[in-house]
1. Hey, among Leu181, Leu161, Leu165, Leu132, which residue is within 30 Å of Asp45 (Cβ to Cβ) and either touching a residue at least 60 places away in the same chain (Cβ under 8 Å) or surrounded by 14 or more Cβ atoms within 10 Å (Cβ to Cβ) (or both)?
2. Just a yes or no: is a residue in the stretch 230-238 of a type in the set (Val, Ile, Thr), under 16 Å from Val190 (Cβ atoms), assigned by TED's automatic domain parsing to the domain that holds Leu165 and touching a residue at least 60 places away in the same chain (Cβ under 8 Å)?
3. Restricting to the stretch 135-158, count the residues that are outside any loop (DSSP other than H, G, I, E, B) and either in contact with a helix residue (DSSP H, G or I) (Cβ under 9 Å, 6 or more places away or on another chain) or surrounded by 14 or more Cβ atoms within 10 Å (Cβ to Cβ) (or both).
4. Those residues that are modelled with pLDDT under 80, surrounded by 16 or more Cβ atoms within 10 Å (Cβ to Cβ) and not in a loop (DSSP other than H, G, I, E, B), I need them from the stretch 278-297; list them, please.
5. Pull up the stretch 62-116, narrow it to residues that are more than 23 Å from Ile221 (Cβ to Cβ) and acidic (Asp, Glu), then point me to the one that is modelled with the lowest pLDDT.
6. Restricting attention to the stretch 305-331, which residues are within 16 Å of Pro288 (Cα to Cα) and surrounded by 16 or more Cβ atoms within 10 Å (Cβ to Cβ)?
7. Can you name every residue in the stretch 172-229 that is over 24 Å from Ile11 (Cα atoms) and either among the small types (Gly, Ala, Ser) or not assigned by TED's automatic domain parsing to the domain that holds Ser101 (or both)?
Amino acid sequence: MAMIWKPKYTISNKLLFTIREIGEAIGEINSFELTDKALARLELDARELSTYASTSIEGNPLPLTDVKHLLKNKKEYIRDTEREVLNYNKALQNLYQAVRSGTFKLTVHTLEKLQKQVVEGLMDNLSHCGKLRQEQVIIRNPKKLDEVVFIPPDAKDVKRLMTELMEFIDKSIGKIDPIILAALFHRQYVIIHPFMDGNGRTARLLTTAILGKAGLDLFEIFSFENYYNQHITRYFKAVGLEGDYYDLNDIIDFSNWLEYFADGILDELHRVRKALPEHLEPKSRIEPHHRQVIDYIREHGSITQREYGDISPRSLAARKMDFEKLLKLKLIETRGTGRGTYYVAVSK
């Protein structure tokens, strides 16, 4: 039986404050009472952005506009740069579905299947596709190839180290904050470097899935990969190590990385919040008086026309229009008839 991994980190005041801000940002976005249509559009935007950013980090030259066009239009013949984008997008969609349906499980099989999706059609050596590495790798400075930056664990230790990491994640869900948990996984995965190729993309995909599985609300509508792509040099410095894994293993500290990871998620949520007006049709926007109705229902279970009149100065005609709008948006539904009519929240 594998040992449970025990990462070293300190939860700083800065990290706690950022996690609190993340919660507030998610609460503010949720307060918009977004329709299913608006959420679907936000998810599509985030998936396009994540696909572009994550492949761009690895050197893919396709701009965001080309990525969006490629994902919306099928092509009979595709180049490797396009295949890389399509692979990532498909893998991300599959992960969203698995997390939502509760079927996502963090296992060696999951890792290998995901990596195979990411690199399919892009690797000459098929023995490296969908299998943990069986060879030693060395991370070199891309600008000075004769300069060794990091030597990951030996191939013989990869499966054990990944199993220890995955067991830690499984046992910590519900006990450790989703932000901290996903951040710890992301960096340790990068350090272990379990595959010959596709490690960065696979790490970022799995990090998204862990955020969702661990309970972070709205995990599908933001792209932390976008934050990394805007700060590539800082990202690589924060997530990586310099030296030999076996010399560093006992002293690796995740504290600074946790702060960086949380900053990235908060930055992305702020971007989503600013973009919300673009995703809300004028007729779908919830005004303060509409929220007053919804808040009353949440507190009391239902509301009548008379009760709304008691808490609002709006005219009878305006109040009727408010109910009609909330009914049309499927945020409330009618109960009773005639003078006995009242309104309750729609069950989701």
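1. Just one listed residue meets the conditions, Leu181.
2. yes
3. 8
4. Selection gives His279, Ser284.
5. Among those residues, the one meeting the criterion is Glu76.
6. Across the stretch 305-331, the qualifying residues are Tyr308, Arg319, Asp322, Phe323, Lys325, Leu326, Leu329, Leu331.
7. Gly198, Gly200
Yes/no matrix, rows are residues, columns are (1) out of contact with any helix residue (DSSP H, G or I) (no Cβ under 8 Å at 6 or more places or on another chain); (2) outside the structural domain of Glu21 (by TED's automatic domain parsing):
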site	(1), (2)
Ile251	yes, no
Trp257	no, no
Tyr296	no, yes
Glu307	no, yes
Arg314	no, yes
Leu331	no, yes
Gly336	yes, yes
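The values are calculated or read from the model by the stated rules, or taken from the named source; none is laboratory data. Remember, it's a predicted structure, so these values are computed and weren't measured experimentally. Backbone-built Cβ (ideal geometry, glycine too); neighbour counts: all protein chains shown.
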